[in-house]
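See structure below.
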Amino acid sequence: MQPGSTNYIEYEPIGIVGAITPWNYPMTNAAGKIAPALATGNAVILKPAEDSPLSALLLAWIAHQAGLPAGLLCVLNGPGELIGEAIVRHPLIGKINFTGSTSVGRRIGGIAGGLLKSVTLELGGKTGFMVFADADLERAADALVYSAFNNVGQTCTAGSRLLVEAAVAERFAEMIVSRLSLLRIGDPLDPDTQFGPAISARQKDDVLRRIADADRDGIRRLAMARFPLPAEGYYLAPTVFLDVDPAHAVAQEEVFGPVVAVTPFSDIDEAIAIANGTRYGLATTVWTGSVMTAGRIARQARSGIVWVNTVHSLYPGSPYGGHKDSGMGVEMGEEAVRNHMKSKSVWINDGSWRSPWA
Ligand code: NAP
């Protein structure tokens, strides 16, 4: 410290934050963006996805009823290419907090970089879900089915790549079949429903196209009893591909539907190599009875989240974000709060300062 000087740091709000959210989990995604922005003194303009535009309006109405001053939270509906991009480019919006696909995130990151604008990107994922022979296999099977088929697989952290130790692969597949046959299929508005339809005809068609590509390449499917789907609605049957080459598209690309690619592994080195072998790096899941295995995978996983003997655990105080093509920056945790503020280093001298040249 300079003699006669004092220095302190002020943290100021950025100003206006543009929050752009995807159609899956619209409330959670919006809340995760609004909370740190408002808590640090910013105003928010929220653009929800056109496929799920209404809950954001309800959330803003509830905030208004709860006494949030007018103008601190505005919802702007409209198509991403038009409204979303206008938000990203607007000179008075100082930060963009985006959740969505890697392709749109890359575009937004490019524009924000050109404008020297702060940006947080929460993007796609392809979670490697590892099951070792020493795991509690019953619980691991419950976890895989919940992780991969909850919200019909339309989850960025869905356990869509099942890596299972070869010695138990066949037994584990049978456990999955028995659990899938018990899923309660039906109306998504019924609280008892576990497995509803896809969000849209477009999403359903996209998933079916990816399944057809894997079928065409001769990848074997896990045999299941007929899955009774409702006649109306964009329903998709759960699909599990077996013995998938880790380089195949169905093991590499985000399907965003109820599709799991299973690849057996022989040892921990192979499991880690396969789990890390995609362009994504959002989450890694491991089921094992060995603390040494868990610790080694936690250290070597190239992802922003690692779940050991659990899935989809979240806590607002813990950072949530992806490595590699799964994003930049985090939501939640202290880091998310910090990145909604600008720091200012203030120096005040008591009058004793003299130029070194004087
Ligand atoms: P998306 O197509 O990338 O859209 C996301 C949002 O961006 C929507 O509001 C969309 O608007 C808007 N948008 C589209 N083009 C834009 C542009 N050029 N400029 C600005 N905004 C634009 O993603 P999605 O299909 O809605 O959501 C699925 C994806 O989100 C998956 O990849 C999933 O993994 C990812 N996701 C990631 C996380 C995470 O935390 N990492 C969480 C949930 C979902 P419109 O749709 O209204 O056109």
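The values are calculated or read from the model by the stated rules, or taken from the named source; none is laboratory data. The structure displayed is predicted, hence computed values, not measured ones. Quick reminder, even Gly has a Cβ in these numbers, built from the backbone with ideal geometry, and neighbours come from all protein chains shown. Quick note on the areas: whole protein, heavy atoms, side chains included, nothing else; ligands and nucleic acids left out. Shrake-Rupley method; radii C 1.70, N 1.55, O 1.52, S 1.80 Å.
Surface composition of region 237-314: carbon plus sulfur atoms hold 53% of the accessible area, using a 1.4 angstrom probe and ignoring ligands, DNA and RNA.
Please work out the Kirkwood hydrodynamic radius for the chain, using every pair of different C-alpha atoms, and report it in angstroms with one decimal place.
Hydrodynamic radius (Kirkwood, Cα pairs) of the chain is 22.3 Å.
Can you send over the carbon and sulfur percentage of the accessible area for region 106-160, probe radius 1.4 Å, protein chains only? About 52 percent, which is the carbon plus sulfur part of the accessible surface.
If you count the DSSP beta bridges with both ends in region 33-128, what percent of them are antiparallel, to the nearest 5? Around 0 percent antiparallel, to the nearest 5.
Sort Trp23, Trp61 by accessible area with a 1.4 Å probe, largest first.
Heavy-atom accessible area, descending, gives Trp61, Trp23.
Under 5 Å from the amide H of Val240 lie the amide H atoms of Leu222, Val260, each residue being 5 or more positions distant or on a separate chain, with H modelled from the backbone and absent for Pro and chain starts. The Cα atoms of region 63-123 cover 37, 22, 20 Å along the three principal axes, with the biggest extent listed first.
Between helix 169-180 and the chain there is an angle of about 80 degrees, using the helix long axis and the longest principal axis of the Cα atoms. Where only DSSP H runs of four or more residues are counted, the chain gives -9500 deg cm²/dmol as its mean residue ellipticity at 222 nm, each run worth -39500 (n - 2.57).
Of the listed peptides 205-213, 349-357, what is their order by residue-averaged count of other C-beta atoms within 10 Å, with the highest listed first?
Details: 205-213: 15.3, 349-357: 7.4.
Highest to lowest by the protection proxy: 205-213, 349-357.
Per-residue surface analysis assigns Arg179 an accessible area of about 40 Å², computed on protein heavy atoms at 1.4 Å probe radius.
Sorted by average packing, counted as other Cβ atoms within 10 angstrom per residue and highest first, what order do 319-328, 281-290 take?
On the way: 319-328: 21.4, 281-290: 23.9.
Listed from highest to lowest mean packing, they are 281-290, 319-328.
Enumerate by residue number the chymotrypsin sites (Phe, Trp or Tyr not before Pro) in region 108-215 meeting two conditions: DSSP loop (anything except H, G, I, E, B), and at most 14 other Cβ atoms within 10 Å of the site's Cβ. Could the numbers behind the result be given before it?
On the way: sites: Phe129, Phe132, Tyr146, Phe149, Phe172, Phe195; in loops: Phe132.
Within region 108-215, no chymotrypsin sites (Phe, Trp or Tyr not before Pro) qualify (loop, at most 14 other Cβ atoms within 10 Å).
Each residue was assigned an accessible area with a 1.4 Å probe, and for Leu72 the value is about 50 Å². With angles folded into 0 to 90 degrees, how steeply does helix 102-114 sit against the dominant principal axis of the chain? Use alpha carbons for both and round to 10. That helix lies at roughly 10 degrees to the long axis.
A 1.4 Å probe, protein heavy atoms only, puts the accessible area of Ile199 near 60 Å². Between the alpha-carbon centres of region 154-175 and region 243-272 there is a gap of 9 Å.
Could you give P(r) for region 1-122, binned at 5 Å from zero, as whole percent values over all Cα-Cα pairs? Percent of Cα pairs in each bin: 2, 11, 22, 22, 18, 10, 5, 3, 3, 2, 1, 0, 0. Its alpha carbons give region 149-277 an Rg and a Dmax of 14.8, 46 Å. Taking the longest Cα principal axis of the chain as reference, the axis of helix 137-149 is set at about 70 degrees. Taking every protein chain into account, the accessible area of the chain amounts to 49 square angstrom per residue (probe 1.4 Å).
Legend: residues Glu334, Glu10, sorted from most to least accessible area (1.4 Å probe; ligands, DNA and RNA excluded), read Glu334, Glu10. With a 1.4 Å probe rolled over the protein heavy atoms of all chains, the accessible area of His64, His248 falls in the order His64, His248, largest first. Other residues lying with their Cβ under 14 Å from the Cβ of Glu331 contribute a combined charge of 0, Lys and Arg counting +1, Asp and Glu -1. In this rough spin-label picture, where each label sits 7 Å from Cα along the Cβ direction, the Glu335-Ala86 distance is 3.4 nm. For region 161-168, the Karplus equation 6.51 cos²θ - 1.76 cosθ + 1.60, evaluated at θ = phi - 60°, returns couplings of 10, 8, 10, 10, 4, 3, 4, 10 Hz by residue, with Gly and Pro reported as x. A straight line joining the Cα centroids of region 290-333 and region 193-231 runs 29 Å.
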